[in-house]
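Below you'll find the structure, written out as structure tokens, and then a few comments.
Please treat every number below as a calculation from the coordinates, not as lab data. No experiment lies behind these values; they were computed from the predicted model shown. Positions of Cβ are backbone-derived with ideal geometry, glycine not excepted, and every protein chain shown enters the neighbour counts.
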Amino acid sequence: MPMSFVGEMHKVITEAGSGDWIDVYANYRNGTDRLATHAILVPNSRVTDVLSTESWGHNSPDRLGPGCTKYNDGSIQYHRFGNDEGYEAIVIYREFHGIKPSYLDISEEFKLFHNLYYDKKNEKYFKVRDDGTEIEVIRQSEDRISIRAVEIKQFLAIKEMHLALLFDLYRKFPKPVTDFNLPETSGKANGSDFTYLYTMGDAMFKKNGSVVRVLGKLVIKGYSKEDSDFWPYNDTEEDEPTYMEFVYDIDEKGREIGLPCKPYGDRYLTPIYFRPEVLNKYYDNPTKYSVEDGLLRCGALWSVQLDNDSSQYVCVFLGDIGRDIPLREHGYWRSFNIPPAGPMSETAFRRSFMAEFASPQRKDLLFKQELAIFNQAWRERHQWDFFKPLSEADQHCLTSLRIPATDEQNEFDTQVMYLTKLIVDSLNEAEIARETTTAPDQKGISKLEEYLKTKGVPDYSKSIEFLRNLQSLRSTGAAHRKGSNYEKAAKKLGLDDLDLRVVYQDLLSRAIEFLVALKVI
């Protein structure tokens, strides 16, 4: 029924600004309906004018572009959005007269205001918060653009503007208007923040039924400036933040004792211990985080010094947690918090309290250090790369390489693949072949074997055996279904009898020995 459609559209209009997301553009069509939504920015002083009429007038969003206004006295003035009332576009309509494809864009000022990053693959805009987490702010598709309500209301607060949503909604009905016996075929509705007009009439050809159209507006106000959470309005003196407590000891009854992670006081240097898995989140997101020797870094946003030289735990000073790790991350770290699991590593102790340089002892950190030193020294000495540089798509193989945090097969398999790609798949076969007489069809490790033999590397067979076992472990296990060949490779490496973390540490030790052996060349 026509009036039921009007009731539906009343709800659409009046509730359009009440959710977490606001549609600033929508163009939905099917066989009977067309639901169009557009938006403009309105100065606070012009809200009453906007609500005084249901029509869009010259404030139609597709007309709000740079241009000049010529006044009755002959004067001409340029306006950024083509009008002197102060109306601005939030969605930019780009049209090229059919010569090039048209498209929709978002106000550049809004994107810069929130420093939004555009994800081309998913057509979404993200805001990177000060702790490194990402918040989706704009969703864009061919027929809809939505903006998160929080960000648009912050923007409105600082600009001293309202967002006006403009609606043009209609539905076709198979019968002419007279068949519905309606007491009236048009009407208006108004509220403090909305207005709309509905009309009903026969289609162009009466046999095609009738059409109901709803044309209206809704204005949405922003936050107050004091609630916008933007500087300098958020630069107010507040009570000291509540610092989460972390376990630092247990009492004589085995109960955990906690301390708040205040970034000051005489307990600042209290070591707080965590399960090694706490770093998995950061290792597994290498485009954002970097787990380094003694340091965790989130881009240029934050970093914290830590003791990650033990495979049994991660240790951070209590005060560093409160000072350097963002508050939003504290709950995550607390979930991995454990009572003291041993003394600080010798490496961390020497660095923190003795002010001495100290190389890491943990095998994954030591391997990365030795690999970097080897690559630089080899290139300087031979003018070519022994290991081909990783492509950008493979950088995670190095940054995410670590001793598995658990005795789980899937984590072990992943780390085996990373190590194999670094020291087997990356062998510079072309340069190695230049200095050997190997057959053209010889594989990489066989070419290397001939090269090491030619160069007189002592005990080179141990390195070759290790590389073949590693490749076999990857090829028969991590990269394919496990079978008898994997069992043979696993038996050689002791996988059946040892914790997988121990096995991987042994693989890293052999990889380091391989790098050391190459230094004689």
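Data overview
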quantity	calculated
Over 16 Å [Cα-Cα, the range 142-223], rounded percent	65
Cut-off of 10 Å, at most 10 other beta carbons, DSSP loop: longest stretch of the chain lacking such chymotrypsin sites (Phe, Trp or Tyr not before Pro)	358-521
Kirkwood-Stokes translational diffusion coefficient of the range 1-115, alpha-carbon pairs, 10 °C, 1.306 mPa s, µm²/s	94
Ranked ILE152, ILE512, criterion: other C-beta atoms within 10 Å, fewest first	ILE512, ILE152
Euclidean distance of C-alpha centroids, the range 74-125 and the range 2-63, integer Å	19
Relative compactness, the range 2-227, computed as alpha-carbon Rg over 2.2 N^0.38 Å	1.13
Directionally averaged projected area (convex hull, Cα atoms, the range 254-334), nm²	5.8
For the chain, calculated [θ]222 nm from helices alone, where every DSSP H run of n ≥ 4 adds -39500 (n - 2.57)	-9000 deg cm²/dmol
Descending semi-axes in whole angstrom, ellipsoid equivalent of the chain, from the Cα gyration tensor	63, 32, 24
Value of Rg to Rh for the range 363-518 (Rh from inverse mean 1/r over Cα pairs, i.e. Kirkwood)	0.95
Whole-number Å³ per residue for the convex hull built on Cα positions in the range 264-310	85
For the range 271-415: Kirkwood Rh in Å [reciprocal of mean 1/r, alpha carbons]	16.5
Share of alpha-carbon pairs per 10 Å distance bin for the range 294-351, given as whole %	21, 56, 23, 1
Relative contact order for the chain, counting Cα pairs under 8 Å that sit 6 or more residues apart, in percent	10
Order of ILE22, ILE257 - criterion: other Cβ atoms within 10 Å of each residue's Cβ, fewest first	ILE257, ILE22
Centre separation in Å (Cα based) which lies between the range 137-162 and the range 388-466	51
